[in-house]
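Structure first, commentary second.
Only the coordinates and a few stated rules stand behind these numbers; no lab work does. Note that the coordinates shown come from a computational prediction; the quantities given were computed from them, not determined experimentally. Neighbour counts are summed over all protein chains in view; Cβ atoms, including those assigned to glycine, are modelled from backbone coordinates with ideal geometry.
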Amino acid sequence: MASLLVFGILALVCALLSFSRAHKHGFDRITKAGIAATVALAILGIVTFPYVNVWQRAMSGKAQMAEAEANRQIKVREAQAARDAAELLAQAEVLRAKGVAEANKIVADGLGGPEGYLRYLYIEGLKEANASGAQIIYVPTEAGLPILEAGRLSSGHPLP
């Protein structure tokens with residue numbers, strides 16, 4: 001905005017130079033009109049400078065407010081998107097858990113109930129342990145379940 005003030009000062013300088021040149025060579029109508037227009041522009045630039053400066057600052061403040069509002073809206077929308085994503089992930093997890101529960105129920109019912117399903121899982125666990133090279137010691141118990149602490153001695157962990 002300082003350019004408006006500089007323009008006014010330069011216009012006054014041009015008017016003074018034109019006036020001094022015209023004074024040496026004589027005034028005609030075009031020269032007088034040019035000098036008058038230059039002086040008018042100079043005065044207009046100098047007089048309006050403070051008002052334009054105030055207007056520019058007001059517009060700058062409005063622009064900053066608009067930018068702050070836009071940034072706030074962006075943050076709000078990002079938060080809403082994160083909330084929506086969390087809700088959808090929770091719904092997907094519930095559906096997955098229901099599917100697993102239903103699948104377990106079908107398998108358990110097919111194997112004669114929960115005890116048959118647990119025996120199936122026990123046998124599958126033994127197969128996986130055997131495939132990985134683990135040493136399994138079978139100890140008969142009343143419930144037919146293995147003693148799990150027996151494997152700790154070979155791994156170097158003492159019994160409690």
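In order along the stretch 108-115, the Karplus-derived 3J(HN,Hα) couplings, from 6.51 cos²θ - 1.76 cosθ + 1.60 at θ = phi - 60°, round to 4, 5, x, 9, x, x, x, 5 Hz, and Gly and Pro are given as x. Put in line by how crowded their Cβ is, counting other Cβ atoms within 10 Å and starting with the fewest, TYR117, TYR51 read TYR51, TYR117.
LEU126 to ALA82: extension gain in nm, 0.36 nm per residue of separation minus the Cα-Cα distance? Write down the numbers at each step before the final one.
On the way: separation 44, 0.36 × 44 = 15.84 nm, distance 4.36 nm.
Between LEU126 and ALA82, full extension yields an extra 11.5 nm.
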